[in-house]
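A quick write-up on the structure given underneath.
The values are calculated or read from the model by the stated rules, or taken from the named source; none is laboratory data. No experiment lies behind these values; they were computed from the predicted model shown. As a convention, Cβ positions derive from the backbone with ideal geometry for all residues, glycine included, and neighbour counts pool all protein chains shown. Please note that ligands, DNA and RNA were not included when accessible areas were found on the heavy atoms of the full protein model with its side chains. Shrake-Rupley method; radii C 1.70, N 1.55, O 1.52, S 1.80 Å.
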Amino acid sequence: MSAFIVCALQIGSHPEGKARTLEHILSFEEQIIASQSKLVVMPEALLGGYPKGETFGTYLGYRIDEGRETFATYFDNAVTVPGEETDTLAELSARTKAAIVIDVIERSGSTLYCTSLYFTPENGLEAKHRKLMPTGTERLIWGLGDGSTLPVVESQAGRLGGAICWENHMPLLRAAMYAKGVDIWCAPTVDERDIWQSTMRHIGHEGRCFVVSACQIQPSPEVLGIDVPNWDNQRRLIRGGSIIIDPMGNVLAGPLQDREGLLSASIDLADIPKARYDLDVCGHYSRPDIFELTVDERPKSGVVFQK
């Protein structure tokens, strides 16, 4: 069958850490089962947290010790892949019979990465994608991914792939993923702005694919009991905006704002070839005689041992 339900789970990282966040994710199990969804996409940095407004004590040319302590706490809250948390998520996928795409803060050695994980009910953790280009001061705390983690995952919901937050603004990354035949574009984010909805609609229309974008939701600094410079103390740090788009760029569900929830929509993969009749950007609408994109998918390590 080509028609089924897909969902975006709009929740936020728990201020008490990854264990409480994971508990909260699991609390939606019955809702996911009841929805009969074949896919659930969850927000950026959900396990590990998105410390919006945090400076980690960094100033141009120097860093202060208090910031290092803050980073150490953040580092301890990250997850290893694979690890205990990924085992739990694999079990959730199996019980709900839904593929899961979730974004985590991955700890590898002494470096953190913003990473999307792909789970299927049949095989558990199938693949991961490390964010290629952290945005702005995210680069102070997250490493850069390479071309070795650009997966497209076969699932009962079709071919899953996508990009994290502002990676979705990278035209060449989009072209590479379109060429891999993505059916459902998964876009974890923390971008709450209205322009994000336009970006998601554009990708659906450009790639002639379905789009499921899940955004975090976070309370105001006042509620959290923290101080965020140059931010309204009573304004939510992240207000959500999860959305589901069809291959013509039309909104199927959302945007969901200012509350948690499981946003769902019915989709039919049979709509994709119909949509690509007049626009297939990596097929009949491309000009390979003029344009060519080369993608280096080799893992890039700073140290290579040869024997």
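Figures for the structure shown
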item	result
Residue among P273, P288, P299 that is outside any loop (DSSP other than H, G, I, E, B), closer than 20 Å to K180 by Cα and either open to solvent by 40 Å² or more (accessible area, probe 1.4 Å) or modelled with pLDDT of 95 or more (or both)	P273
The range 228-267, residues that are among the β-branched types (V, I, T) and either in contact with a strand residue (DSSP E or B) (Cβ under 9 Å, 6 or more places away or on another chain) or modelled with pLDDT of 95 or more (or both)	I238, I243, I244, I245, V251, I267
Matching residues in the range 174-184 - criterion: being closer than 22 Å to S264 by Cβ and either touching a residue at least 60 places away in the same chain (Cβ under 8 Å) or of a type in the set (S, T, Y) (or both)	D183, I184
Matching entry among R68, R95 (being out of contact with any strand residue (DSSP E or B) (no Cβ under 9 Å at 6 or more places or on another chain), open to solvent by 40 Å² or more (accessible area, probe 1.4 Å) and under 24 Å from S242 (Cβ atoms))	R95
Residue, nearest to the chain's Cα centre (by Cα), within the range 174-196, restricted to residues that are hydrophobic (A, V, I, L, M, F, W, C) and open to solvent by less than 10 Å² (accessible area, probe 1.4 Å)	A187
Count - residues of the range 232-252 that are open to solvent by 10 Å² or more (accessible area, probe 1.4 Å), part of a strand (DSSP E or B) and either closer than 18 Å to L39 by Cα or touching a Gly at 6+ places or on another chain (Cβ under 8 Å) (or both)	2
